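Worksheet: one structure, shown below.
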Amino acid sequence: MQATTSTANGGFYTFTNLAPGTYVVSFTLPAGYRFTPKDVSANSQDGLDSDANVVTGATDPIVLAMGEVNLTIDAGVLELPLLVASKSSVPNTGSPVRIGDAITYTVWFTNIAQTIAYNVPVSDTAPDGTDYVPGSAVPPNVSGPSPLTWNFAQVQPGMPYSVSFSVIVTGVPGSGTILNVAFVGNSPVTETNEIVHVFVPTAIQLLSLNAIRGTDALGAPTVTVVWVVANESNTLGYRVLRGATSERASASVVSAGVIAATGNGGTYAWVDASSPAGRAYYWVEEIELNGTTVTGYGPAAVPATALRQVYLPTLMR
């Protein structure tokens with residue numbers, strides 16, 4: 001015998017006029033829901049737990065005797081987690097980037113359903129034309145860097161979560177732009193919006209940048225900044241910047257005027273005769289023929305000067 005029915009308000013249903021025998025009740029999930037595990041009632045009351053298999057939705061065989069009424073066969077369902085995700089970056093999407101620039105990506109995601117999402121994976125990859133900055137992942141990634149993956153044991157409803165990491169632009173991407181997108185969850189997978197950065201070729205190819213401590217003829221401390229360029233195109237010259245920290249924002253121009261470019265590349269050097277005794281950091285900026293400044297290359301660091309012991313003559317009489 002086979003019969004069907006639908007639940008009424010409150011989830012109640014009945015089958016009437018059943019002959020004695022063995023039956024199986026199969027429940028059909030509403031869209032956007034999943035079955036709860038069966039037979040896990042904390043108080044062991046059969047009417048308060050789910051009897052449906054989490055995969056098939058069917059119960060175990062139920063033996064019904066003559067005149068028996070069984071009101072304990074039920075199924076528990078939970079709303080499926082629903083993840084929404086988006087992505088942002090520094091610098092903002094659409095910004096131009098050059099070799100040596102850093103890009104920081106952040107993935108935001110939220111579970112907008114009313115049930116907890118378990119074991120949520122997040123996957124992202126350093127895009128073509130970039131290299132992942134080791135140790136930059138927050139929180140620390142589970143594996144990587146190709147792809148970088150994270151796993152969240154639980155994602156609570158309504159709470160925002162995020163992951164972030166940084167890359168360095170290393171070369172010309174095949175598409176001419178640096179494209180990045182992330183993926184959150186599984187079954188289904190939520191794809192973020194795409195982040196796009198426009199790759200701008202630099203007018204020079206910098207091979208090296210070094211800063212070397214020394215002294216002048218009078219023994220005063222100096223720093224010689226040396227940079228080697230493989231080729232130049234549309235380059236007017238260079239400026240040297242110095243900062244007290246490795247943050248580019250701490251630096252200011254210390255070279256007087258523009259150090260003229262040869263037009264063919266080569267080795268350049270500039271001496272900082274006013275370098276502080278403490279640790280210092282140096283950048284080189286390229287100035288193009290139209291006056292555009294290419295964001296500085298660097299930094300190159302020099303250690304603090306060593307303390308020197310001075311011996312004074314002893315006067316005796």
- Find how much the distance from F12 to T293 grows on full extension, using 0.36 nm per residue of separation minus their present alpha carbon separation; answer in nm with one decimal. 93.8 nm
- Determine how many Å³ per residue the convex hull of the Cα atoms of the range 83-199 encloses. 91 Å³
- Evaluate the distance, in nm, between pseudo-label points positioned 7 Å from the Cα of A244 and of L64 along their respective Cα→Cβ axes. 8.5 nm
- Query: Mind checking which of N264, N70, N231 has the largest fluctuation in a GNM of the chain, springs on alpha carbons under 10 Å?
  - Reply: N70
- Give the order of Y161, Y282 when sorted by the count of other beta carbons within 10 angstrom, beginning with the fewest. Y161, Y282
- Rg over Rh, two decimals, the chain (C-alpha only, Kirkwood Rh): 1.31
- Listing W227, W150, W108 from the residue with the fewest other Cβ atoms within 10 Å to the one with the most, what is the order? W108, W150, W227
- Length gained, E79-S162, 0.36 nm per residue minus C-alpha separation, equals 27.6 nm
- Item | Calculated FRET efficiency for the pair S143/D39, C-beta based, R₀ 35 Å, to 0.05 | 0.45
- Item | Nearest-0.05 FRET efficiency for S274 and T177, computed from C-beta distance (R0 41 Å) | 0.45
- Cα centroid separation - the range 124-144 against the range 174-251, whole Å: 18 Å
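Every number here is computed from the coordinates shown, using simple stated rules; none is lab data. Keep in mind that what you see is a predicted model, and the values were worked out from it rather than measured. Please note: Cβ atoms are built from the backbone with ideal geometry, for glycine as well, and neighbour counts cover all protein chains shown.
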